[in-house]
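To start, the structure under review is shown below, and the notes come after it.
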Amino acid sequence: MIRVYIRTSTRKQSVDMQIETLYKYLKVRGIEKYCIYIDEGVSGKTVDRKYYKQLVEHVSSGDIIYAFDCSRLWRNLQDQNSAIDHITGVGAKIITIIEGDLSTERGHAHAMINGLVNQEEIKLDSIRSKAGIKLLQDKCSTGEKVWNGRGPDKVKRSNEGYLKMWENRKRKQL
């Protein structure tokens with residue numbers, strides 16, 4: 001059976017590009033029947049995704065899984081290696097448009113390199129986000145900026161909340 005996996009990290013992102021690209025890719029190869037699994041608004045840094053889990057549970061010998069690239073399937077190198085071992089171990093293949101056939105040495109090597117980059121990008125994104133939030137908190141606490149959103153604790157607040165946090169932080173430092 002042909003299986004197709006599509007994922008976006010946020011609901012703001014569209015699955016359209018992946019769907020259209022994979023549709024054309026499969027059509028050129030004469031593949032018109034397939035089962036599609038779509039996880040929208042779910043991070044790839046975890047394999048705890050509803051349709052990803054179904055895909056892995058359903059895969060069997062002779063199946064081929066298609067995805068746009070490895071980052072749509074995984075953002076964690078350990079999860080990637082474990083999944084590739086499991087899927088190829090049952091006699092199925094994984095083919096991505098970017099990395100190619102992951103059951104070949106070249107495809108697997110390409111996936112490993114991209115997997116390292118994807119995993120590192122998750123770490124860098126987290127560092128950048130935390131630094132940006134801290135800078136905004138500090139500017140809000142001094143009145144330099146106005147906060148119109150939720151804090152890192154997901155509680156909606158105005159500058160007053162950050163002014164109180166700033167005061168508490170200053171007291172702790174004394």
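Every read-out reported here was derived from the displayed coordinates using simple, explicitly stated rules and does not represent laboratory data. Source: prediction; values computed, not measured. All Cβ positions, glycine included, derive from the backbone under ideal geometry; neighbour counts span all protein chains shown.
Model label sites at residue 31 and residue 129, defined 7 Å from Cα along the beta-carbon direction, differ in position by 3.2 nm. Using a cut-off of 30 Å between Cα atoms, the listed pairs 123/145; 27/50; 12/53; 93/130; 50/145 include 93/130; 50/145 as exceeding that distance.
Distances between placed amide hydrogens fall under 5 Å for residue 63 paired with 93, all partners being 5 or more residues away or on another chain.
Legend: P(r) of segment 2-120 from all alpha carbon pair distances, 5 Å bins from 0, whole percents, reading 2, 12, 23, 27, 23, 11, 2, 0.
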